[in-house]
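K.L.:
Sharing a structure here in structure tokens format.
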Amino acid sequence: MRNKYFNKYWIFGLGIILLLFTLVNTNDIQIVGAEEDQQKEEHITHEEVISLTNNFMDILVQDTDENYKVVNYDTKDELLNAFEQITTRETAKVYVDYFYKEGSDGLYILPTETPPWFMEENEYDMVQLDNKQVKVVQENQSFFYDEYEIEMEFTFDKEWKITNISIR
């Protein structure tokens, strides 16, 4: 009889140990997963750089009518709001103020060339400034701007955004 109870408790104890072991291992996996997510956040990918720089230019170059009146936005403020998904308002404001003019009847783009910009097909250097900020440096050449260097800072705060642009 004593053996029967011993076996029941021994099996019950072994089951609890296995359950605890499983919970501890699951917790370890969750911690590792969180660390991997944090590393992803702190290191911007090539695809993210391309997406952000392309989206910036897509928002900057708006559809217009034959008089250069912007079709989708009526004010600079509305256009700046559209930029906030990929860049800071301050960074976009420099470009919006240069390329756009508000009239009494809407927003107008000034007919000119697009600014010197990041070229996704060209090589670039990536410099880690701190754990949530990266600088991308690219040397380019174009018909309109000859040789130039573009430096773009990307900062992570819940998502990557362009936080500074410098062209030399």
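K.L.:
Order the following by accessible area, largest value first: TYR108, TYR100. Probe radius 1.4 Å; ligands, DNA and RNA are ignored.
P.N.:
TYR108, TYR100
K.L.:
Pairs to check: LYS132/LYS158; LYS76/LYS135; LYS135/LYS161; LYS76/LYS132; LYS69/LYS161; LYS76/LYS101. Give those whose C-alpha atoms are more than 18 Å from each other in this structure.
P.N.:
In this structure, LYS76/LYS135; LYS76/LYS132; LYS69/LYS161 lie more than 18 Å apart at Cα.
K.L.:
How much length is gained on full extension from SER51 to LYS69, taking 0.36 nm per residue of separation minus their Cα-Cα distance?
P.N.:
3.8 nm
K.L.:
Keeping the other protein chains in place, figure out the carbon and sulfur percent of the accessible area of segment 62-118, with a 1.4 Å probe.
P.N.:
46 percent
K.L.:
Let me ask another. I need the shape label for segment 55-149. Rule: rounded when a/c is under 1.5, else prolate if a/b > b/c, else oblate, with a, b, c from the alpha carbon gyration tensor.
P.N.:
Because a/c hits 1.5 or more and a/b fails to exceed b/c, segment 55-149 counts as oblate.
K.L.:
Mind checking which aspartates and glutamates have their C-alpha under 13 Å from LYS93, skipping anything on the same chain fewer than 8 residues away?
P.N.:
ASP77, GLU78, GLU84
K.L.:
Something else now. Determine the gain in length on full extension of the stretch VAL137-GLU151; use 0.36 nm per residue of separation and subtract their C-alpha separation, reporting nm with one decimal.
P.N.:
4.6 nm
The values are calculated or read from the model by the stated rules, or taken from the named source; none is laboratory data. Fair warning: this is a prediction, and the values are worked out from it, not measured in the lab. Keep in mind that these areas ignore ligands, DNA and RNA; they rest on the heavy atoms of the full protein, side chains included. Shrake-Rupley method; radii C 1.70, N 1.55, O 1.52, S 1.80 Å.
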